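Below is one structure, written out as structure tokens; comments come after it.
The values are calculated or read from the model by the stated rules, or taken from the named source; none is laboratory data. This structure is a prediction, so every number in the text was calculated from the model and none was measured. Cβ: placed from backbone, ideal geometry, glycine included. Neighbour counts: every protein chain shown. Please note that ligands, DNA and RNA were not included when accessible areas were found on the heavy atoms of the full protein model with its side chains. Shrake-Rupley method; radii C 1.70, N 1.55, O 1.52, S 1.80 Å.
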Amino acid sequence: MGSRSYSNLLDLTSGDLPKLVRGSGKKLSRVATTPGKLFELEDESRSNVSSDAQSSVSEERMIIVGNQLPIRAHRRTDGEGGWNFSWDEDSLLLQLKNGLREDVEVLYVGSLKEAIDPSEQDDVAQTLLETFKCVPAFIPPELFSKFYHGFCKQHLWPLFHYMLPLSPDLGGRFDRSLWQAYVSVNKIFADKVMEVISPDDDFVWVHDYHLMVLPTFLRKRFNRVKLGFFLHSPFPSSEIYRTLPVRDDLLRALLNSDLIGFHTFDYARHFLSCCSRMLGISYQSKRGHIGLEYYGRTVSIKILPVGIHMHQLQSVLDLPELEAKVAELRDQFQGQTLLLGVDDMDIFKGISLKLLAFEQLLTQHPEKRGKVVLVQIANPARGRGKDVLEVQTETYATVKRINQIFGRPGYKPVVLIDTPLQFYERIAYYVSAECCLVTAVRDGMNLIPYEYIISRQGNSKLDKTLGLNPSTPKKSMLVVSEFIGCSPSLSGAIRVNPWNIDSVAEAMDSALIVSEAEKQMRHEKHYKYVSTHDVAYWARSFLQDLERACRDHVRRRCWGIGFGLGFRVIALDPSFRKLSVEHIVSAYKRTKNRAILLDYDGTMTVNSPICTSPRAENIEILKNLCRDPKNVVFVVSGKDRKTLTQWFSACETLGIAAEHGYFFRPNKNAAWDNCIPVPDFYWKQIAEPVMQLYTETTDGSFIDPKESALVWNYQYADPDFGSCQAKELLDHLESVLANEPVSVKSGQHIVEVKPQLVEWKLKFCDILKSGSTLKQLLFSLDIVLMKFMVFWVLTRA
């Protein structure tokens, strides 16, 4: 049966119903004309379907979506043209496959690092799909530049690392064209996923900040898509994030996922705070799982740092090339203690801060000159621009100064390696270093300490090369920034504030002088964690939580609402039935007497801090409904009776229930009555001073005095502080009013004190019992009780 929405309640009274065009076969999409207001135009039978695509694959499959495919591409040099492809063994997207069950098929969607000519794209796509199960998204070079080097690297990446665009030189001002490019690329990725997805069977796992709006496109196409998202970068505090002009769009897009993953609780806490402060969505923790209730859907939050690929690292430790490189380093730094830093050459890795701390170490401890060497491996920066050049210039100048001041023949205090190294060469430095230093000022995760710990564990061959006794416990030392994602999991590391040069220098000294037994103890603790929480464990845990988060999909009824990036899905219980206008119209015509109860606050008008009167067209609708002698119309509101009397004075026969039904009158000429007479409100003299105290200390809160109650409202206060103050106020009021005939309750952004037994669920029963005319009207004949909580939809669609 097709459902219809009416633009005016007068259609009900006049009987002039709009005609449905049947048999046309035209399907209209679900839309919403105002956020949160459902306007369903599709057939009832289609609204409960998870997707329009037919499921062709019955086995479980994981579609992994990332900015780049885990593929290396090389142009052929044999003269025949074309491309050679191979797996990128260093790609996290490829490594996480080890954590999935063997019966889970994995399909990759992403772009290639190399630009593919349009004439070759079809052949390349076919080869990648058949050989590697990869679906390439071909992005035009100009669009990709705006997307990646523009919005991702100029706006999102700096902001997520706490860098505000305070001037054009610091990241640049927000550019709407770059945002549009970002959305366009996400749409291209969504189209590629839609080409291969079987929505009823497949899981989709989206990775990182490049594809933050992708969940909206997928959810819009498939309401019940099983969708997880993991953010590999930090998520900034709300004070930083709120400066982003498209902040709400990104938050709502992420909330179209079923599971959102973060490396640390801090990142998750910042995201939850942003949802609370900007969208008014609070979270709950149930049995160890954090969830956000978003339009009937529970969006789960996953907190688990990614791990390293143990098998890959251990296989490198067995390479003969590694053994030879370790022997070379042993001879090169004979008699010296090696400190190691491995960082990308960008502004957030803190290379210059590390060098300044090492310089101070040599200044304050002259005995360490000639004995301690800092090897700094500087990987090429992933971004580009003026800031990268500044970091390079400062790094080279600092290294040159330190070597000039403290260097001597045969001793170079700082060895800077800024040329690309093979993976085994980097591991060789890990094996040889006594301490690893990570002083990034902000980093999402940083797996360097994990790689260092596993490398220091070594094997029997390396022990022989280094002249170590294989039975001797291994040792390692870590100095890590407290601002990197891996820091909370490394409880045995020396944590530092990288901005505090003195503290970092002291940490370096402590790492050098700590006892051998303590080094062994710290290493054992770290190795136990890192070896058991590898990338396979991380992927397996994420998939398990994603399956749990999607378990109720088939039991939910879903409707999509909203335009563009404001799209979201309303999920309802299977027993829910939509408001059937046909049924109401039929019942409306059959009945001889009708009671129509209309909610005012938030239904006939939008909730607002300003007291808004009803619009003239709403008044006219009410007057027309009241003209029908078969109708008894009541407006229910939390407003006081004086205000409601003034607003609805034009409606002669309209019944009004003020203060949620405590006061009522059946028509304009009748006197106001109350459902439960209260002889005295003396308790207000006790409660109001207490509320006033909390109002003065909570900006944005106010007291809403009513004749029957006192309400403290903190809707416009800071959500965290307001909630905390509300709990304190509730306890305070319950204490001082313990012996008074009142009830103290908390609601959504309110704390209310009212006489006992005044419950809004009972007020209309009291109304009916107190008036003989109404009682005879409502109990002598058949009744259709229509409480139009969707008044806006029926009258304004």
| Can you tell me which residues in region 541-563 are part of a helix (DSSP H, G or I) and without any contact (Cβ under 8 Å) to a residue 24 or more places away in the chain? | 544, 555
| said: free of Cβ contacts under 8 Å to residues at least 40 places away in the same chain and more than 19 Å from residue 419 (Cα to Cα): which single residue out of 364, 334 fits that description? | reply: 334
| query | Can you tell me which residues in region 371-390 are part of a strand (DSSP E or B) and without any contact (Cβ under 8 Å) to a residue 60 or more places away in the chain? | reply | 373, 375, 376, 377, 378, 379
| Per-region count, region 87-114, residues surrounded by fewer than 12 Cβ atoms within 10 Å (Cβ to Cβ) and of a type outside the set (Lys, Arg) | 2
| task | Among residues belonging to region 619-637 that are surrounded by fewer than 21 Cβ atoms within 10 Å (Cβ to Cβ) and not hydrophobic (A, V, I, L, M, F, W, C), point out the one that is nearest to residue 742 (Cα to Cα). | result | 631
| message | Go through (1) among the charged types (D, E, K, R); (2) open to solvent by less than 40 Å² (accessible area, probe 1.4 Å); (3) at pLDDT 95 or above for residue 578 and report which single condition fails. | response | (3)
| task | Of the conditions (1) in contact with a His (Cβ under 9 Å, 6 or more places away or on another chain); (2) at pLDDT 95 or above; (3) not small (Gly, Ala, Ser), residue 321 clears all except one; give me its number. | result | (1)
| said: Let me confirm something: among 329, 313, 319, which residue is under 23 Å from residue 534 (Cα atoms) and crowded, with 17+ Cβ neighbours inside 10 Å? | reply: 313
| Are any residues in region 70-94 outside any strand (DSSP E or B), within 23 Å of residue 447 (Cα to Cα) and in contact with an Asp or Glu (Cβ under 8 Å, 6 or more places away or on another chain), and if so, which ones? | 70, 94
| request: Being of a type outside the set (A, V, I, L, M) and touching a strand residue (DSSP E or B) at 6+ places or on another chain (Cβ under 8 Å) is the filter; apply it to region 728-745 and report the residue that is modelled with the lowest pLDDT. | output: 741
| note | Filtering region 360-380 down to residues that are open to solvent by 30 Å² or more (accessible area, probe 1.4 Å) and not hydroxyl-bearing (Ser, Thr, Tyr) yields 360, 364, 365, 366, 367, 369, 371, 379, 380
| remark: Note: among 710, 693, 733, 737, just one is closer than 19 Å to residue 601 by Cα and either out of contact with any Pro (no Cβ under 8 Å at 6 or more places or on another chain) or of a type outside the set (Phe, Trp, Tyr) (or both), namely 710
| field | Inter-residue pairs, beta-carbon under 7 Å, first within 20 Å of residue 122 (Cα to Cα) and in region 76-88, second aromatic (Phe, Trp, Tyr) and open to solvent by less than 40 Å² (accessible area, probe 1.4 Å), 6+ apart | value | 76/83; 85/132
| request: Starting from region 730-744, take each residue that is over 16 Å from residue 682 (Cβ atoms) and list its partners that are of a type in the set (Ser, Thr, Tyr), counting only C-beta distances under 8 angstrom and pairs at least six apart or across chains. | output: 730/746; 732/694
| Using beta carbons and a limit of 6 Å, which pairs, at least six apart or on different chains, have the first residue in region 695-724 and of a type in the set (D, E, K, R) and the second one open to solvent by less than 30 Å² (accessible area, probe 1.4 Å) and not in a loop (DSSP other than H, G, I, E, B)? | 704/711; 704/713; 706/659
| request: Please specify each residue of region 750-764 satisfying the condition of being open to solvent by less than 70 Å² (accessible area, probe 1.4 Å) and modelled with pLDDT under 90. | output: 754, 755, 758, 759, 763, 764
| Filtered residue count, region 245-260, keeping only those that are open to solvent by less than 10 Å² (accessible area, probe 1.4 Å) and either outside any helix (DSSP H, G or I) or basic (Lys, Arg) (or both) | 7
| request: Answer yes if at least one residue in region 211-234 is open to solvent by less than 10 Å² (accessible area, probe 1.4 Å), modelled with pLDDT under 95 and aromatic (Phe, Trp, Tyr), and no otherwise. | output: yes
| remark: Those strands (runs of 3 or more DSSP E) completely within region 391-498 that have 3 or more residues that are in contact with a strand residue (DSSP E or B) (Cβ under 8 Å, 6 or more places away or on another chain) and open to solvent by less than 10 Å² (accessible area, probe 1.4 Å) are 435-438, 477-481
| What number of residues within region 122-149 satisfy the criterion of being out of contact with any Ser or Thr (no Cβ under 8 Å at 6 or more places or on another chain), part of a helix (DSSP H, G or I) and without any contact (Cβ under 8 Å) to a residue 40 or more places away in the chain? | 8
| Hits in region 510-520 - residues which are in a helix (DSSP H, G or I) and surrounded by 15 or more Cβ atoms within 10 Å (Cβ to Cβ) | 511, 512, 519, 520
| How many residues, within region 639-670, are assigned to a loop (DSSP other than H, G, I, E, B) and open to solvent by 10 Å² or more (accessible area, probe 1.4 Å)? | 11
| said: Can you tell me which residue is nearest to residue 721 (Cα to Cα) among those in region 279-310 that are assigned to a strand (DSSP E or B), touching a Cys at 6+ places or on another chain (Cβ under 9 Å) and open to solvent by 10 Å² or more (accessible area, probe 1.4 Å)? | reply: 283
| query | Has region 229-241 got at least one residue that is in contact with a strand residue (DSSP E or B) (Cβ under 6 Å, 6 or more places away or on another chain) and closer than 25 Å to residue 561 by Cβ? | reply | yes
